[in-house]
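Following: one structure in structure tokens, then a few remarks.
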Amino acid sequence: MTNFALTLFRTKNRALGAIFPSFAAKQARGLFLRPRRYPVKDWEAQMETRGRRMSYSQGLSALAWGESERKVLLVHGWESRATQMSGFVDELVNAGYQVIAIDGPAHGHSQGRRANPYLFAQAVTSAYQTLGPFEGVVGHSMGGNAVATAIAEGIDPSRVVLISSPSSIEGVLQRFASFVGLPKRSKHRFIGLIEQAVGKPAWALNTACNIRNTQAKGLVIHDRADLEIPFSDAEKIIEEWQSAALYVTDGYGHRAIVRQPQVWKKVVDFMA
């Protein structure tokens, strides 16, 4: 969407939300819960051919590399897919792990057209139960939030890495509502509609609260230049999860951070 188109889109939503706040909120809900699927890049296709596809749990798909009883699970973020986490694979396999990356609901090779944060968490739990157990779990963005929720609901990896993860889902929803131009009344209704769709209140899916009591060793990685999930979210997670270490990068932003060799090495060193 061009800047001009985005400006028109926001202006329309502001006007619509002022007159018909519920209708504007419903439109935003539909937009939020339907992730877009982007074209696969060449390097992703290459990593796909090197892995083994497998299905698990009601139409969900995963990709595995290597053979080992020691396993690491990779969980991508919103509107991403398993292959976009594959930069971690070679070094983890060389360190003696089997690596399994899942495609979240309605992402990648997994079935469905709609997803939400709790469905992501359920996918992590299902992967842990059917493809694991996993010594380590690495979650990026919404994947990190899903990992934290799954831990609160019972999975127990010994090492956990959260990369560019939001500290709270409510914050994610507030930022999304502001991005699409919803006025205040519509924002409140939009969050309520998402909670209804998810089946849980937003506070129940907060990363910082859900991760704080885990016994797993933790590493939080975040870039100061992240424009999608503010660096302050990492600080909030660390404030609650005081046993975890914080690794800060500068200049990679929100998505490119998982494609950086120094980040791959940091995660592998932490796992090993």
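Some notes on this structure:
- Filter pass, residue 184 being of a type outside the set (Ser, Thr, Tyr), surrounded by fewer than 19 Cβ atoms within 10 Å (Cβ to Cβ) and at pLDDT 95 or above: no
- Enumerated helices (runs of 4 or more DSSP H) restricted to segment 143-246, each holding at least 1 residues that are among the polar types (S, T, N, Q) and within 14 Å of the chain's Cα centre (by Cα): 207-211
- Residue list for segment 111-129, restricted to those being of a type in the set (S, T, N, Q) and touching a Ser or Thr at 6+ places or on another chain (Cβ under 6 Å): 126
- Of the residues in segment 225-236, not one is in contact (Cβ under 8 Å) with a residue 40 or more places away in the chain, among the β-branched types (Val, Ile, Thr) and in contact with a Phe, Trp or Tyr (Cβ under 8 Å, 6 or more places away or on another chain).
- Residue match in segment 162-172 (condition: among the small types (Gly, Ala, Ser) and closer than 27 Å to residue 11 by Cβ): yes
- Segment 139-151 residues that are under 16 Å from residue 212 (Cα atoms), paired with ones that are modelled with pLDDT of 95 or more and among the aromatic types (Phe, Trp, Tyr) (beta carbon under 6 Å, 6 or more apart): 146/120
- Residue ID - surrounded by the most Cβ atoms within 10 Å (Cβ to Cβ), chosen from residues in segment 55-87 that are modelled with pLDDT under 95 and part of a loop (DSSP other than H, G, I, E, B): 57
- Residue match in segment 135-148 (condition: surrounded by fewer than 24 Cβ atoms within 10 Å (Cβ to Cβ) and under 20 Å from residue 198 (Cα atoms)): no
- Residues satisfying the stated conditions in segment 193-224, i.e. more than 19 Å from residue 147 (Cα to Cα) and loosely packed, with under 14 Cβ neighbours inside 10 Å: 196, 224
- Any chance residue 43 is more than 20 Å from the chain's Cα centre (by Cα), crowded, with 18+ Cβ neighbours inside 10 Å, modelled with pLDDT of 95 or more and not basic (Lys, Arg): no
- Close Cβ contacts (under 6 Å, 6 or more residues apart or on different chains) running from residues in segment 153-176 that are closer than 12 Å to residue 143 by Cβ to residues that are surrounded by fewer than 24 Cβ atoms within 10 Å (Cβ to Cβ) and among the small types (Gly, Ala, Ser) comprise 160/216; 160/218.
- Residue match in segment 122-134 (condition: closer than 24 Å to residue 227 by Cβ, part of a loop (DSSP other than H, G, I, E, B) and in contact (Cβ under 8 Å) with a residue 60 or more places away in the chain): no
- Subset of segment 247-271 (residues that are surrounded by 14 or more Cβ atoms within 10 Å (Cβ to Cβ) and in a loop (DSSP other than H, G, I, E, B)): 252, 253, 254, 255, 260
The values are calculated or read from the model by the stated rules, or taken from the named source; none is laboratory data. From a predicted model like this one, the values you see are computed outputs, not experimental measurements. We place every Cβ from the backbone using ideal geometry, glycine too, and count neighbours over all the protein chains shown.
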